[in-house]
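The values are calculated or read from the model by the stated rules, or taken from the named source; none is laboratory data. Here the structure is a predicted model, which means the values were calculated and not measured. Glycine also receives a Cβ, built like all others from the backbone with ideal geometry; neighbour counts cover every protein chain displayed.
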Amino acid sequence: MTVAALIVAAGRGRRAGGGIPKQWRHVAGRPVARWTLEAFERVDRIVMVIHPDDRVEAKAAAAGLPVTLVQGASTRAGSVLAGLEALAADPPGIVLIHDVARPCLSQTVIDGVCAALAETPGAAPALAVTDALWTGAEGRVSGTRDRTGLYRAQTPQGFRFDAILAAHRAWPTDGPEAADDVAVARAAGLDVAIVPGDERNLKITGPEDFRRADRILSEKDGKMDIRVGNGYDVHRFGPGDHVMLCGVAVPHAATLMGHSDADVGMHALTDAIYGAMAEGDIGRHFPPSDPQWKGAESHIFLRHAAELAASRGFVLSHVDVTLVCERPKIGPHAEAMRAALAQILGIETGRVSVKATTSEKLGFTGREEGIAALATATLVAP
């Protein structure tokens, strides 16, 4: 019996942060959707239902895999129906409908669902609820609920193809949103078996889920994800009485000019962190054409880069900043700069290096026309 996988990836899920739908964000070095697609490498056919705006990201995630892309609808049920209709021209025997945001799926769960479909028209993995259940109001416990017979549903939810296609076609388009495909199946009178789920088969929703998924997938991949990024920035001198360098105001006969506070060291370090994640540079995240960033303090940019790294499961292992200038002298302020950067990044001072060099009177820094900075950041996904 032929088996098809239908991956539902048309959602806009941005609660996990990162600025783009979670299925295209990276975890353990690859897009979430890539991990999910690879989990179904043993099935006969794969269809992924996507938002029309995401075709470029979807093609990149599916590169080299036998995946058919189908445009989704405004509801999950509508998207599933679109995928089922795409399969209907050459119908498989069974279809496994899976949320793209569950990238940690094991072959054991897939095999369990497929085996159960030999006996029933539907089957889905689930975990029995073992915690006590409360009701609450205004921050106080208001009651308890019996957990007997309660389960936490997972995907893939598998069905005999003809049965679930008919069930989705019968689901009212103007009715309530279906909780999942089991709800659609049961509304059509289909029997659905419960098979053992897997605690690792989590659904990514928030930033902490990305960190957990990263740990699981890195272990599955058998290696750590270590990233190194470089940053470089330059700012010229203008009239003033101090310069901002690595978060410290250093007295000087001039100031650094720029759209923000022109902290050249912090800008280089921010770009190094973005670079390690292949996330572009400061200008991509904080466009200079946007007036809200005029005169902004550079710790805003640096903290954003650090938080983005954390949301993708990375630990900032070490940073190194080199300031290139004749004056002001950096040595007397280096420790204060290390402390300032460590505080912004949320890491130990011992993981922060700030040092300086001159250019031996050569070039624009040698002529004291401005300051240059180079930075390196190391990120590790344990």
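Numerical summary
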item	result
Unmet criterion (only one of (1) among the acidic types (Asp, Glu); (2) under 28 Å from the mean Cα position of the chain (by Cα); (3) under 18 Å from Ala377 (Cα atoms)) for Asp263	(2)
Pair list, Cβ under 6 Å, 6 or more apart: the stretch 371-382 residue more than 19 Å from Thr358 (Cα to Cα), other residue among the aromatic types (Phe, Trp, Tyr)	Leu379/Phe314; Ala381/Phe314
Criterion: touching a residue at least 12 places away in the same chain (Cβ under 8 Å), surrounded by fewer than 21 Cβ atoms within 10 Å (Cβ to Cβ), under 27 Å from Gly175 (Cβ atoms) and outside the structural domain of Ala310 (by TED's automatic domain parsing) - qualifying residue of Ala60, Ala9, Ala86, Ala77	Ala86
2 or more residues surrounded by 21 or more Cβ atoms within 10 Å (Cβ to Cβ) and in the same structural domain as Val243 (by TED's automatic domain parsing): qualifying helices (runs of 4 or more DSSP H) within the stretch 269-382	299-311, 334-345
Conditions (1) crowded, with 19+ Cβ neighbours inside 10 Å; (2) of a type outside the set (Lys, Arg); (3) not assigned by TED's automatic domain parsing to the domain that holds Leu323: number failed by Gly258	(3)
When residues of the stretch 286-328 are limited to those that are small (Gly, Ala, Ser) and over 22 Å from the mean Cα position of the chain (by Cα), the one modelled with the highest pLDDT	Ser298
Subset of the stretch 93-150 (residues that are of a type in the set (Lys, Arg) and under 27 Å from Arg25 (Cβ atoms))	Arg102
Candidates Met277, Met244, Met266, Met257 - the one that is in contact (Cβ under 8 Å) with a residue 12 or more places away in the chain, touching an Asp or Glu at 6+ places or on another chain (Cβ under 7 Å) and among the hydrophobic types (A, V, I, L, M, F, W, C)	Met244
Helices (runs of 4 or more DSSP H) lying entirely in the stretch 17-89 (those with 1 or more residues that are of a type in the set (Asp, Glu) and under 26 Å from Phe161 (Cα atoms))	32-38, 76-88
Flag if Gly280 is more than 29 Å from Gly11 (Cβ to Cβ), small (Gly, Ala, Ser) and out of contact with any strand residue (DSSP E or B) (no Cβ under 9 Å at 6 or more places or on another chain)	no
Within the stretch 81-110, considering residues that are among the β-branched types (Val, Ile, Thr) and under 27 Å from the mean Cα position of the chain (by Cα), the one nearest to Ala179 (Cα to Cα)	Ile97
